[in-house]
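Here is the structure we will look at.
The values are calculated or read from the model by the stated rules, or taken from the named source; none is laboratory data. Predicted, not measured: the structure shown is a model, and the values here were computed from it. FYI the Cβ positions are ideal-geometry reconstructions off the backbone, even for glycines, and counts take in every protein chain you see. Just the protein is used for accessible areas: all its heavy atoms, side chains included, with ligands, DNA and RNA removed. Shrake-Rupley method; radii C 1.70, N 1.55, O 1.52, S 1.80 Å.
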Amino acid sequence: MLIDIITLPGDGIGPEVVAQAVNVLRRVAERFGHQLKVSEYAIGGAALRSVGVPLPEETLRACRERAAVLLGAVGAPEYDDAPPSLKPETALLRLRQELGTFANLRPATVYRPLLNASSLKPEVVAGTDLLIVRELTGGIYFGTPRGLQDDEAYNTMRYTRPEIERIAHVAFRAARQRRRKVTLVDKANVLECSQLWRRVVAEVGRQYPDVEWTPMYVDNCAMQLIARPQQFDVILTGNLFGDILSDEAAMLTGSIGLLPSASLGEATGIYEPVHGSAPDIAGQNKANPLATIASAALMLRHSFGLNEEARAIERAIEEVLERGYRTADIYRGEGQLVGTREMGHQVCRLLARATA
Ligand code: IPM
Ligand code: MN
């Protein structure tokens, strides 16, 4: 099969981690007899510097023409005070919206060898395996009116029934492949938006009688996630709550450097690590490439239907961790401290041995 993808390395550690994921993809393609074609385009601060806009039209056009985009990270401190149209983050938000990737899947799995890497007690996080299904192209991120004046600023949280319906279906379908439990996370005691979510999710839920669903307030969920994370299977939530809870869920696993994501919609899928551009460690061969490598696995599964290949990558990641290789973010005094490139290389080495 031809695996024809776009890479958008972006800012900070983005280029380093994407380079390792591409190496891994190359190795998988060799091993399983596929052809890999990679076209790289600019986004974020990198694009601002080269062409003056965070999301060049050329980049957007190329993404529309492919089934999958592998993205590193966007965000650079030099643009912190720039107007929204000139912020690297705007590129990501616009890309998601233009490609219609409304369903953001963020799995958080605790790897056994990393039980002691979490800031929580091993017995609290052991066995955690949850999937956050975050609505990605609506809500307060995109609602209008919005504005900033000298002494007043406002944003609008707005959701429509079709927006909620389609993401709810994604969550219920995902639950069917897992432990058949959906937790709808909202703030229905305060927000009308959340009240609509409850109504619509109740209706959609009736079409999945084999899946159990319960609502939970977002403040309680933030607490439950660190108190008893094993209780969660699929967490269904809106854009803003999903953003916050996925960083929290990341820490259950030991590091945000481990969490992949898939953003799915009508056609093109966007695959990216949950972490940001980490400018403080950029260019130092320190970043953990595993989140991006795991995102590449999600890409093979969701955009190309290559399940076995995806599993091979995921198994190689597990094995690398079992063998004790650790980047700085997950190093706790045991095992071998390695850099970005060495970590990528170890995954490739194990993949070479995987059986087709
Ligand atoms: C994420 C990021 C983005 C978001 C930012 C960079 C716009 O935090 O993907 O979680 O808030 O969606
Ligand atoms: Mn985020």
Checked 294, 310, 262 against criteria (of a type in the set (A, V, I, L, M) and touching a residue at least 40 places away in the same chain (Cβ under 8 Å)); the one match is 262
Note down all Cβ pairs under 7 Å where the first residue falls in the range 323-342 and is more than 13 Å from residue 285 (Cβ to Cβ), the second is part of a helix (DSSP H, G or I) and modelled with pLDDT of 95 or more, and they're at least six residues apart or on different chains.
325/343; 325/346
Among (1) more than 28 Å from residue 171 (Cβ to Cβ); (2) of a type in the set (Ser, Thr, Tyr); (3) within 15 Å of ligand 1 (Cβ to nearest atom), there is one condition residue 59 misses while meeting the rest; what is its number?
(3)
Which pairs have Cβ atoms under 8 Å, sit 6 or more apart or on different chains, and link a residue in the range 59-80 that is closer than 21 Å to residue 2 by Cβ to one that is in a strand (DSSP E or B) and open to solvent by 30 Å² or more (accessible area, probe 1.4 Å)?
66/4; 67/4
Is there a residue in the range 42-62 that is under 28 Å from residue 312 (Cα atoms) and at pLDDT 95 or above?
no
So, residue 205, is that one part of a helix (DSSP H, G or I) and surrounded by 14 or more Cβ atoms within 10 Å (Cβ to Cβ) or not?
yes
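Looking at 248, 266, which is the one that is away from ligand 2 (no atom under 15 Å from the Cβ), modelled with pLDDT under 95 and open to solvent by 10 Å² or more (accessible area, probe 1.4 Å)?
Within the list 248, 266, the selection yields 266.
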Kindly state which helices (runs of 4 or more DSSP H) lie completely within the range 1-85 and contain at least 3 residues that are of a type in the set (D, E, K, R) and open to solvent by 40 Å² or more (accessible area, probe 1.4 Å).
14-32, 57-64
